[in-house]
1. Counting only DSSP beta bridges with both residues in chain B, tell me the antiparallel percent, nearest 5.
2. Write down, largest first, the equivalent ellipsoid semi-axes of the stretch B:108-205 in whole Å, where each equals the square root of 5 times an eigenvalue of the alpha-carbon gyration tensor.
3. Below 8 Å, C-alpha to C-alpha, sequence gap of six or more: please give me the relative contact order for the stretch B:13-160 in percent.
4. Using a 1.4 Å probe on the protein heavy atoms, what percent of the accessible area of the protein assembly as shown belongs to carbon and sulfur?
5. How big, in percent, is the set of alpha carbon pairs in the stretch A:278-325 lying more than 18 Å apart?
6. In the stretch B:63-108, which residues become less accessible by 40 Å² or more once every protein chain is in place, relative to the chain on its own, using a 1.4 Å probe?
7. Which order do the peptides A:147-153, B:135-141, B:290-296 come out in when sorted by mean C-beta neighbours inside 10 angstrom, highest first?
8. Using only the Cα atoms of the stretch A:221-336, what semi-axes does the equivalent ellipsoid have when each is the square root of 5 times a gyration tensor eigenvalue? Give whole Å, largest first.
Amino acid sequence: MIRFVVRRLLQMCVVVLVLSMLVFAWLRSLPGGPVSAILGERQTPERRAALEAALGLDQPLPVQYLKFLERALQGNFGVSTKVLPGEDALQVFLDRLPATIELSFVAMVLAIALGIPLGYLAARRRGSVIDNGAVIFSLVGIAVPVFFTAFLLKYFFAVEWNLLPVSGRQSTGLDATRITGMFVLDGILTREWDAAWDAIKHLILPAVALATIPFAVIFRITRAAVLDVLDEDYVRTAEAKGLTTRVIRARHVLRNAMLPVVTTIGLQIGGLLAGAVLTETVFSFRGVGDALATAFRDKDYPVLQVLILAAAVIYVLVNLLVDIAYAVIDPRIRTR
Amino acid sequence: MTQAQATRHPRGASEPLLSVRDLRVTFQRQGDAAFKAVDGVSFDVRPGQTVGLVGESGCGKSVTSLAIMGLLPERGNTVEGKAVFDGEDLLTLSPSAMRDRRGAEIAMIFQDPLSSLNPVITIGRQVTEVMERHQGLSRKQATPKARDLLERVGIPDPKARLVNYPHQLSGGMRQRALIAMALACNPRLLIADEPTTALDVTIQAQILALLKELVVDTGTALVMITHDLGVVAGLCDEVNVLYGGKVVERGGRHGLFKRPRHPYTVGLLNSIPRLDAPLGEKLDPVPGSVADNLPWASACAFAPRCSQVVDACTSHTPEWEGDHVVGHRCFNPMGGTP
Ligand SMILES: Nc1ncnc2c1ncn2[C@@H]1O[C@H](COP(=O)(O)OP(=O)(O)OP(=O)(O)O)[C@@H](O)[C@H]1O
Ligand code: SF4
Ligand SMILES: [Mg+2]
């Protein structure tokens, strides 16, 4: 198991290294190159040359890459130009990260807590009203684009019915103490219950919007997996042993059905950033997704660089966690 | 079978443990006509006796056993008739009463040992869970018993095997583990549905020898389901030959093999590979296939494949000639009508 984790971590380093090369190549292929990217198009040739020398752009490519890598390893990705001008690019990412973690976490908890039980129920009652209803609902969940779902939620619950805040993470004028940057958690840690409640209200709509697709996918995979497992010979063996329905369901059916579901959850977490970009934009929720959208639109390349590499690292880490979870559930992987 | 057992359970001396009467299983297939997989099967199993159900693929052997166990799919079929076990009709028991008996009084082992074992649960747990369920033992109390059971079914190093998963065992060991699970609560009846079909020939012989030894030792009655009369020869006291969902011939092992009456039984006997046969000699399987079957309602289903066919065979249903010990269903049996 430990060897497995170490091997996967080494693989991860290779992946991130390759990606850093791609990011480097991408940066150099920008119109006008990084100098224009950093200084903008309208600059005097003297200033361009000075910056080129300063950035080492007059040196051979491999040398440039190594220097880029060296700076990157020290956390130096340059300075944000647009998202938060003058701020260190890495710091911009770190400032935005807690918001997105909080949002993604709540969204995934929602998706899992609803998707798995509903998927199981639908499979047990195949062809029933519950089953058909849930299948149609999940189809809609998958088919409707996230930004549209987000927009609809915002329009009805926030604008029309005035039940929840329209945007942002916290009401203006609220003075809350910050510890982790995850507002709900902060409110709980500091016992500022009004702040926690305020943060929760701001979180509900974006989290629901972000949860729709993972929910729909987890629901469908769970349903299909349970249906498959119910047909397995070992379930019939369990029945032949006279085991109680409860034991058969929990020990024999659910556990085996979880194998494909775990993989799916991993993939959905990996894909969450795409949804976060759209959701955070619609709700002006100041997280990584919102930063990514802004950085992309306003050509804030230093920030983009950080975000892309960070997304890759997170993606690979999540995959590692999924593989570990998989090995824990499935002994065929753990024991050769 | 040993001489001792033959005297212990002389023919007809004891009340049947399981008495199947006119069992019918009909599958409703969507858009298709209903399909009678089991069409009026009757047979008895006396305590400690080994009874064979033999026939080609699709003749209804598995459906018969699943119907007795109450393990047919919940929807899409109807079961009629009786399966009286120890004075109670299993087919009318409530699902929960049936659940209490399965694994405790009646156990079953299946054809494919790998797919019949849960891949993510240890062998030990899969054995102990039966005892936890039916004997009220804790997992801790059941574990040493599970170890002993694995030892009894001939699994080497049983202690280490307890924590193994099915994929870590060989095919023969898996089937032994399944037998251990089935015998965990000392059932009075064991149904084995082609328990050796998925195994190598040498392993098959070992598993059959083990089953024989265990049923003799424990006095468990055994229903042995197979398509291979050769398996039955060394094991069963009584043999029921099934064709198209009906029993077409029944007899004691010796009588049936020496003087088969039904042409289908003769065909099956001729298709047993013989060890003394010259190498490469073609076996003589029953010609044709079950696809040619006529409906039992107005004919003998076997007629299109039968060498003995007479006029009545295609216009009337042959009735059962005999009792619950010997008999056949044929207008023109081998050796003439007595
Ligand atoms: N769930 C089901 N739904 C519809 N038809 C079924 C079902 N189960 C079995 N049958 C049909 O019933 C008939 C008898 O099947 P059964 O499994 O009892 O055969 P078998 O004698 O055990 O053969 P085999 O040697 O292949 O195991 C077959 O024609 C099969 O297609
Ligand atoms: S009844 Fe007729 S067709 Fe059927 S087995 Fe006997 S002789 Fe053959
Ligand atoms: Mg079968």
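1. Values: 28 of 47 bridges.
Taking every DSSP beta bridge with both residues in chain B, the antiparallel ones total about 60 percent.
2. Values: eigenvalues 86, 46, 27 Å².
Those come to 21, 15, 12 Å.
3. Numbers: 173 pairs, mean separation 28.6, N = 148.
Reported as a whole number, the value is 19 percent.
4. Numbers: 19490 of 32440 Å².
Heavy-atom surface of the protein assembly as shown belonging to carbon and sulfur, 1.4 Å probe: 60 percent.
5. On the way: 476 of 1128 pairs.
Across the stretch A:278-325, Cα pairs with separations above 18 Å total 42 percent.
6. B:Leu71, B:Arg99
7. Numbers: A:147-153: 17.4, B:135-141: 11.9, B:290-296: 14.9.
So the order, starting with the most tightly packed, is A:147-153, B:290-296, B:135-141.
8. Working: eigenvalues 355, 50, 15 Å².
Listed largest to smallest, the semi-axes of the stretch A:221-336 are 42, 16, 9 Å.
The values are calculated or read from the model by the stated rules, or taken from the named source; none is laboratory data. Because the structure is a prediction, the values reported are computed rather than measured. Ideal geometry is used to build each Cβ from the backbone, glycine not excepted, and the neighbour counts take in all protein chains shown. Quick note on the areas: whole protein, heavy atoms, side chains included, nothing else; ligands and nucleic acids left out. Shrake-Rupley method; radii C 1.70, N 1.55, O 1.52, S 1.80 Å.
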